[in-house]
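First up is the structure itself, then whatever we jot down about it.
The values are calculated or read from the model by the stated rules, or taken from the named source; none is laboratory data. The structure displayed is predicted, hence computed values, not measured ones. Every residue, glycine among them, receives a Cβ derived from its backbone with ideal geometry; neighbour counts consider all protein chains shown. Each accessible area value is taken on the protein alone, full model and side chains, heavy atoms only, with ligands, DNA and RNA left out. Shrake-Rupley method; radii C 1.70, N 1.55, O 1.52, S 1.80 Å.
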Amino acid sequence: MTTTTRAQSIDVCSPADGRTIGTVRTSSAEDVRQTVSQLRATQPQWAALPVAARVRWMHRFRDWIYANEQRINNLLQAETGKPPAEIGIELSSSLSVLHYYCDRAEKFLADETPWPTSLVTALKALRIRHVPYQVVGVISPWNFPLAMFLWDAIPALLAGAAVIVKPSEHTPLAATAVLEGWTEIGAPPVFTGVNGAGSTGAAVVNAVDFIQFTGSARTGTAIAATAAAALKPYSLELGGNDPAIVLADADLDQTAQGIALGGMLNSGQMCVSVERVYAVADIYDELVTRVADLVRSLRDAGDGFDVDITGLITADQLEIVTRHVDDAVAKGATAVTGGRKADAGQGFEPTVLTGVDHTMAVMNEETFGPVLPIMRVADVDEAIRLANDSPFGLSASVWSRNRSGALRIAARLEAGTVNINDAATHILCHPIPQSGWKTSGVGARLGGPYGIRKFTRTQAITANRIELSVIGKLAGFPYSAAKSDLLRRAGRLDDGGSITHRLGRTQALHPRRVEVQRSIPAPAMAVFDWLADGSNFAKALPGVLVRHTRRGVDEPHGVGAVREVFSPAAYFREEIIGFERPTQIRYVITRSLPLVGHLGATIDITNDGSDSCLVTWVSEVDGGALAAGVIRPALSTVFRLILSGCERALA
């Protein structure tokens, strides 16, 4: 919608027909300072409440929202012009956040008591507290006037902070109504709002203790500079120019539907909208046809739920969309459908562009409108290169039937979130963070415990578990050579790596090498896959339990995977550091009992025939006589048993 600002108030106008639908009072910088001062005075009592008591107030607030839902939604539709089918998204998603954090706030905010990591910390009781900032300022945008402030305000309040909200001057009515609900239920006065344009937002930034901003990169950069000068923490969710990569094996019906929805929902006015599409040549023409047919069929006129897409919320945004499309067409792009302003209001025809490239603003700036440019690429490598050729990095999507391949592509994309065969549902997945890379932001929204702890400061507390006067005398004044040597030996025993180093041996020892070879009558790929899955070791070794504690980066048993091996005689924690299918697996033992200085192990698999391969398993350990007399023969036996089990399993 549009706004008219007078000296003391803002007239809010409908984006559909320009009529005035409400007026809000403008808050001056002094108003903001006084409001924050009042919040600061009442916040300690709010923070002192048990988490369960804050949750009960939040539940009463939820009940008030349900009781007033229709009135709030009517205001929201009037000031944004959104289709009725999209209006309910804001409150329903916000109440989902409320439910998630109310159920988990006590757990997420509980004091932590870390396990000791050394002889020194074993003598200390360690505690981490999560102490709320006093006043959190939430500055929210006009595209989702309710969701974008409630998603942040709810966890901040549950954390024990007071919250002041400055909604966009374009869409303040529904947000102001929701804030009034907090007062109506008789809740402690720790949640309120102020209205105004940029100067009011600047006053909020200056007055609060933590800033949560959602909006443009330009304003976010200014907020960051102001906050940095005051050493004030902040979290910014800024713009996006989110790419979609479509591979040759994609389900084109699902992909076309997903991209059309991801690009046209809320008339494309989402930071996580699909803003550019890279489709490999094999399916490019078919994808364009399907997406264009769907976009062309969208209904922009009618009553109630017969409307799919409406106009843009602000006149300024309409001008940006128009400029981007005109620029693309002038440089050679083709509007397959749409391509111009609507005949009335602030609408822009839903548009699909082809023949686009990175010289065009629509491919390298945030359009924030109902426009889908689709670019032909030769292969996936070109698609990844172009997707990353952007100052933004908010979200992206990959469309393919090959899930493991899509995951590998996702790991190469420079974006805070990557969706596989979906455009934006990640915003409803509360356990994962919504973060922006590059100029798309700093910090993250939501993300399980992070989403509530970000509104707190950590306080570490240590206390002696036992009387430490003897240790104090050893570590304190006066210094002496004998005390220093004793402390050095204790530190080396605790942190010295291999057994020889822990015991103070300074001479270099040659590592003990264990090598086992076996020819297995099975294809190399099958042998590789069997050996990569450590759970198979338990089948070959009686009495052994294998537990996988972390998946690999690209696949479950790949680089970064961690497994723990338990047996009656030993315990090992192994991490995969090399994974080259189907020829080599490399790993290290990062923890063991008995203590072993492990220098690494390699399993090489070499084809020695069409249906057979040679497996060479090499491990190096450092443990002096213990390694030579006990560990080396034991490992050799273990390797032989595992390779025998592999041969039996693949026979």
- Among 414, 90, what's the order by accessible area (1.4 angstrom probe), most exposed first? 414, 90
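Just to verify a number: FRET efficiency for residue 228 and residue 610, C-beta to C-beta distance, R0 = 60 Å, to 0.05?
On the way: r = 64 Å, r/R0 = 1.07.
Approximately 0.40, to the nearest 0.05.
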- Message: Roughly how far apart, in whole Å, are the Cα centres of the stretch 51-115 and the stretch 435-459?
- Response: 19
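Please give the net charge around residue 297, taking every other residue with its beta carbon less than 14 angstrom from that of residue 297, where Lys and Arg add +1 and Asp and Glu add -1.
On the way: positive: 290, 296, 299; negative: 293, 300, 306, 308, 349.
Surrounding charge for residue 297 is -2.
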- Item | the chain, relative contact order in percent, only Cα pairs under 8 angstrom and at least six apart counted | 12
- Note on the structure: Over all viewing directions the Cα convex hull of the stretch 509-554 casts an average projected area in nm² of 5.9
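Can you give me the % of accessible surface on the stretch 186-303 that is carbon or sulfur? Probe 1.4 Å, all protein chains present, nothing else counted. It would help to have the intermediate numbers written out before the result.
On the way: 2310 of 4190 Å².
Answer for the stretch 186-303 is 55 percent, counting heavy atoms of protein chains only.
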- Message: Could you work out [θ]222 nm for the chain from helices alone, using -39500 (n - 2.57) per DSSP H run of at least four and dividing by all its residues? Round to the nearest 500 deg cm²/dmol.
- Response: -12000 deg cm²/dmol
- Where a Cα-Cα gap under 22 Å defines reach, which lysines qualify for residue 124, not counting those fewer than 8 residues away within the same chain? 473, 483
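Below 8 Å between Cα atoms, with a sequence gap of 6+, how large is the relative contact order for the stretch 210-292 in percent?
Values: 93 pairs, mean separation 25.4, N = 83.
The normalised contact order for the stretch 210-292 reaches 31 percent.
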- Item | Rounded accessible area per residue of the chain, 1.4 Å, Å² | 44
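Give me the dipole magnitude in Debye, nearest 20, for the chain about the Cα centre, with unit charges on the beta carbon: positive for Lys and Arg, negative for Asp and Glu. Before the final figure, lay out each step's value.
Working: 61 positive and 66 negative charges, 725 e Å.
Magnitude of the dipole: close to 3480 debye.
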- Give the Kirkwood hydrodynamic radius (Å, one decimal) of the stretch 229-268, defined as one over the mean of 1/r across all pairs of different Cα atoms. 13.3
- Which shape class applies to the stretch 187-330: rounded if a/c is under 1.5, otherwise prolate when a/b exceeds b/c and oblate if not, where a ≥ b ≥ c are the square roots of the Cα gyration tensor eigenvalues? prolate
- Mind jotting down the distance between the C-alpha centroids of the stretch 513-584 and the stretch 158-176, whole Å? 53
- Excluding residues fewer than 8 places away in the same chain, name every one of the lysines whose C-alpha is closer than 30 Å to that of residue 341. 82, 331
- Which one is right for this structure if semi-axes √(5λ) of the Cα gyration tensor in Å is calculated from it: (i) 62, 28, 24; (ii) 46, 27, 22; (iii) 53, 38, 20? (iii)
- Among rounded, prolate and oblate, which fits the stretch 326-369 when a ≥ b ≥ c are the square roots of the eigenvalues of its C-alpha gyration tensor, a/c under 1.5 means rounded, and a/b larger than b/c means prolate? prolate
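For 278, 450, 234, give me the order by solvent-accessible area with a 1.4 Å probe, most accessible first, ignoring ligands, DNA and RNA. Intermediate values should be presented prior to the final figure.
Values: 278 0, 450 100, 234 70 Å².
Order by accessible area, largest first: 450, 234, 278.
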- Item | Angle in degrees between helix 173-184 and the longest Cα principal axis of the chain, rounded to the nearest 10 | 70
- Accessible area in the full protein assembly, largest first, 1.4 Å probe, for 63, 282: 282, 63
- For residue 232, list the aspartates and glutamates whose Cα falls under 19 Å from its own Cα; do not include residues on the same chain fewer than 8 positions away. 152, 209
